[in-house]
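The values are calculated or read from the model by the stated rules, or taken from the named source; none is laboratory data. As the structure is a computational prediction, the values presented were derived from the model and not from experiment. Virtual Cβ from ideal backbone geometry, glycine too; neighbours counted across all protein chains shown.
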Amino acid sequence: MKFDSTRIERSKIETLAPAKLNLFLHVIGRQIGGEHDGYHLLQSIFTLLNFGDTIDLEVRADAAISRTSTLAGVPSEKDLVVRAAKLLQAHTGCSLGCNISVEKRIPMGGGLGGGSSDAATVLRGLNRLWNLNLPPKELQRLGLSLGADVPFFINGQNAFSEGVGEVLTPIAVPNWWYLVLTPPESVPTPAIFSSPELTRDSISLKIADFSAVVDKFAFAESLRQCRNDLQPVVLKAFPVVAAHLTALQAVSAKSVFGARMTGSGACVFAAFEFERDAHDAFQHLMPEYRGFVAQGMNCHPST
């Protein structure tokens, strides 16, 4: 599935809310004091995928925020897309409303950022439809209150991420092809971060460790030296995720830096230089394992 552009009409937007992958994820400590006291301090490289949910936004003349689609197990008032719209409305005092429809493809609890991407896409879209013209940094500050990954999606570029997710430095990531397996499991992120078995003392990296590399092969080699610190905790607690990662590793001989988990799981992935290699690997796993093949992209389609 590819979305080459965003279709914008006078009062409507239809756009992709892309999934993301954490090419690595290191936990380097915890915030002490300040607004985010107790939050984990992370380092990661985020890359966007040309796979995701479809968001339809339509302006309403009244102030009502209405979710016109359904999401199993998630009431409207708790849905991040509704919360995002109401947050933006309250922050700006906007008297307009909107209808929001979401066609879900990104699995929930998979570490692909589906809820965060949906929320960010709503904030970006309504900022335009409501003619608010808030700068990206202000949208990012709003989005952070909804989730640590939301600022990345608002920023809309592949990035080296630090802090609690709000410190973003654009970085060039090769447009590799990714085979992503989607285990039938929803991993609760708070439980993973609160686990006593989680290590929180990874050595802090510098963006120069990646931005100074001269080609995609050196970039891949740098990623080989990294890991996902949440992965051991998830694999121990969720055997089905461990089984999916083992299966993916077995068919990833041609991957550029091996197979690993994204975010707090449950999804696992491997990157390939060529599309055919990703599909060939997937063929060896079907029909027992479900997933998709997608290409990385440099920026949000509505940028």
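The number of residues in region 256-296 that are closer than 12 Å to V180 by Cβ and among the charged types (D, E, K, R) comes to 2. Among the conditions (1) within 27 Å of H279 (Cβ to Cβ); (2) modelled with pLDDT of 95 or more; (3) of a type in the set (D, E, K, R), D215 misses just one, which is (2).
When L96, L80, L123 are checked against the criterion of being more than 30 Å from I192 (Cβ to Cβ) and of a type in the set (A, V, I, L, M), L96 stands alone in meeting it. Residues in region 283-298 that are under 18 Å from I106 (Cα atoms) and out of contact with any Ser or Thr (no Cβ under 6 Å at 6 or more places or on another chain): Y289, F292, V293, A294, Q295, M297. Taken together, the criteria place I192 among residues that are surrounded by 13 or more Cβ atoms within 10 Å (Cβ to Cβ), among the aliphatic types (A, V, I, L, M), in the same structural domain as L285 (by TED's automatic domain parsing) and within 21 Å of G111 (Cβ to Cβ). Considering only residues of region 275-303 that are among the hydrophobic types (A, V, I, L, M, F, W, C) and farther than 30 Å from A120 by Cα, which is surrounded by the fewest Cβ atoms within 10 Å (Cβ to Cβ)? Top of the filtered list is M286. When the criteria are applied in full, V241 meets the requirement of being in contact with a Cys (Cβ under 9 Å, 6 or more places away or on another chain), β-branched (V, I, T) and buried (at least 18 other Cβ atoms within 10 Å of the Cβ).
Every residue in region 169-224 that is of a type in the set (A, V, I, L, M, F, W, C) and in contact with a His (Cβ under 9 Å, 6 or more places away or on another chain), please. Before you say what the answer is, go through the steps one by one.
Of the residues in region 169-224, the ones of a type in the set (A, V, I, L, M, F, W, C) are 171-173, 176-177, 179-181, 187, 191-193, 198, 203, 205, 207-208, 210, 212-214, 217-220, 223.
Listed by number, the residues that qualify are W177, L179, L181, F193, L198, I203, L205.
Tally up the residues in region 116-126 that are in contact with a Gly (Cβ under 9 Å, 6 or more places away or on another chain) and either surrounded by fewer than 24 Cβ atoms within 10 Å (Cβ to Cβ) or among the aliphatic types (A, V, I, L, M) (or both), please. Break it down stepwise before answering.
Initially, region 116-126 is screened for residues in contact with a Gly (Cβ under 9 Å, 6 or more places away or on another chain), giving 116-121, 123-124.
Next, only the ones that are either surrounded by fewer than 24 Cβ atoms within 10 Å (Cβ to Cβ) or among the aliphatic types (A, V, I, L, M) (or both) stay: 119-120, 123.
Number of matching residues: 3.
Restricting region 200-212 to residues that are more than 23 Å from W176 (Cβ to Cβ) and not hydroxyl-bearing (S, T, Y) leaves a set whose member that is modelled with the lowest pLDDT is D201. Restricting attention to region 58-109, the residues that are in contact (Cβ under 8 Å) with a residue 40 or more places away in the chain and within 30 Å of V234 (Cα to Cα) total 12.
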